[in-house]
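Written below as structure tokens is the structure these notes are about.
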Amino acid sequence: MERIVIFSNGILPNLPAAQALLRPDDFLLAADGGAKFILRMGLTPHLVIGDLDSLDENDLSQLTFADVPIEQYAADKDQTDLQLAVERALDLRAKSILIIGALGGRIDQTLANLALLAGIAFAPLCLDDGVEQLSFCRADVQVTGNMGDTVSLLPWNEDARGVKTDGLKWRLNGETLHLHQTRGVSNQLAAQSASIHIDDGLLLVIHKRIH
């Protein structure tokens, strides 16, 4: 399977921008209430997974009418619906995973989603809502966008060492970005793409599109 796109039940600030991320051959996997976004786009999920506490009767009726497979879990469970969906996507051997709608809303859910992403050594895997894209750099990451887009580099769990960038306004040449400091915030794309490399650590890369 080429790419699995997981829709989570967060906030999508720009639904058309999020829909523009999709490809015709994507496998659409909804984590519970994320199915609402797929339905609003006029599309049908290939699979819904979760405890279904975020879907109303109309949503469930549409899914049932379309004969969408649903893997329902009890509400009293140890994993979030998004974790269940990511684990299912990995079981399906996706070559890449894009998660849409996992940002905004409840801060605890957003932080948990980032922690989930940080714990999965699988690439390419990223969060995106059409406006902001988040991914973790363990060695090398490429960022593509427009000149002037904001790119922030935040060390995660520990210092990020040997950080090298090419294509950013303020270039880094093997420096260390220290945990709990803000040096990597609000850099900018100086070209249509930028490369980021680290020798050691984990770096959260946040790309905010301005166009």
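The values are calculated or read from the model by the stated rules, or taken from the named source; none is laboratory data. The shown structure was predicted, so the numbers you read here are calculated from the model rather than taken from an experiment. Neighbour counts are summed over all protein chains in view; Cβ atoms, including those assigned to glycine, are modelled from backbone coordinates with ideal geometry.
Within region 105-116, which residues are surrounded by 15 or more Cβ atoms within 10 Å (Cβ to Cβ) and touching a residue at least 40 places away in the same chain (Cβ under 8 Å)? Write out each step before concluding.
Here is the first cut: in region 105-116, the residues surrounded by 15 or more Cβ atoms within 10 Å (Cβ to Cβ) are 109-110, 112-114, 116.
Listed by number, the residues that qualify are GLN109, THR110, ASN113, LEU114.
Of all residues in region 79-104, which are part of a loop (DSSP other than H, G, I, E, B), crowded, with 18+ Cβ neighbours inside 10 Å and among the small types (Gly, Ala, Ser)?
Within region 79-104, ALA94, GLY101, ALA102 qualify.
Looking for whichever is crowded, with 21+ Cβ neighbours inside 10 Å and either within 30 Å of ILE38 (Cβ to Cβ) or within 17 Å of the chain's Cα centre (by Cα) (or both) here; the options are CYS126, CYS137. Which one fits? If you could, list the steps in order and put the result at the bottom.
On the way: CYS126 fails: crowded, with 21+ Cβ neighbours inside 10 Å.
Going through CYS126, CYS137 in turn, just one is crowded, with 21+ Cβ neighbours inside 10 Å and either within 30 Å of ILE38 (Cβ to Cβ) or within 17 Å of the chain's Cα centre (by Cα) (or both): CYS137.
Quick check, is GLU87 among the charged types (D, E, K, R), free of Cβ contacts under 8 Å to residues at least 12 places away in the same chain and closer than 27 Å to GLU2 by Cα?
Yes; evaluated as a whole, the condition is true for this residue.
For every residue, the table says whether it meets (1) touching a strand residue (DSSP E or B) at 6+ places or on another chain (Cβ under 7 Å); (2) over 25 Å from ILE206 (Cα atoms); (3) of a type outside the set (Gly, Ala, Ser).
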{"position": "ASN9", "(1), (2), (3)": "yes, no, yes"}
{"position": "ASN14", "(1), (2), (3)": "no, no, yes"}
{"position": "LEU28", "(1), (2), (3)": "yes, no, yes"}
{"position": "MET41", "(1), (2), (3)": "no, yes, yes"}
{"position": "ILE70", "(1), (2), (3)": "yes, yes, yes"}
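For the subset of region 40-78 comprising residues that are hydroxyl-bearing (Ser, Thr, Tyr) and part of a helix (DSSP H, G or I), which member is nearest to ARG3 (Cα to Cα)?
THR64
Out of all the residues in region 67-111, which are in contact with a Lys or Arg (Cβ under 9 Å, 6 or more places away or on another chain) and of a type in the set (A, V, I, L, M, F, W, C)?
Within region 67-111, LEU84, ALA94, ILE97, LEU98 meet the criteria.
Check MET147 against each of (1) in contact with a Leu (Cβ under 8 Å, 6 or more places away or on another chain); (2) free of Cβ contacts under 8 Å to residues at least 40 places away in the same chain; (3) in a loop (DSSP other than H, G, I, E, B) and name the one condition it does not meet.
Here MET147 meets the rest and fails (2).
Is there a residue in region 30-51 that is farther than 25 Å from ASP108 by Cα and touching a His at 6+ places or on another chain (Cβ under 8 Å)? It would help to see each step written out before you state the result.
Quick first cut of region 30-51, residues farther than 25 Å from ASP108 by Cα only: 39-47.
Okay, now just the ones that are also touching a His at 6+ places or on another chain (Cβ under 8 Å), so none.
For region 30-51, residues farther than 25 Å from ASP108 by Cα and touching a His at 6+ places or on another chain (Cβ under 8 Å): absent.
Mind listing just one residue for me: the one in region 148-181 that is charged (D, E, K, R) and surrounded by 13 or more Cβ atoms within 10 Å (Cβ to Cβ) and, of those, nearest to ALA118 (Cα to Cα)?
So, considering only residues that are charged (D, E, K, R) and surrounded by 13 or more Cβ atoms within 10 Å (Cβ to Cβ), the one nearest to ALA118 (Cα to Cα) is ASP159.
So which residues in region 177-211 are more than 29 Å from ALA17 (Cα to Cα) and not in a loop (DSSP other than H, G, I, E, B)?
Matches in region 177-211: LEU177, ASP200.
Taking region 182-202, which residues are crowded, with 22+ Cβ neighbours inside 10 Å and of a type in the set (A, V, I, L, M, F, W, C)?
LEU189, ALA194, ILE196, ILE198
Of all residues in region 154-176, how many are in a loop (DSSP other than H, G, I, E, B) and free of Cβ contacts under 8 Å to residues at least 40 places away in the same chain?
Residues flagged as in a loop (DSSP other than H, G, I, E, B) and free of Cβ contacts under 8 Å to residues at least 40 places away in the same chain within region 154-176 amount to 5.
Output yes when any residue across region 99-115 is at pLDDT 95 or above and among the β-branched types (Val, Ile, Thr), and no when none is.
yes
Of the conditions (1) at pLDDT 90 or above; (2) aliphatic (A, V, I, L, M); (3) crowded, with 19+ Cβ neighbours inside 10 Å, LEU55 clears all except one; give me its number.
Failing condition for LEU55: (1).
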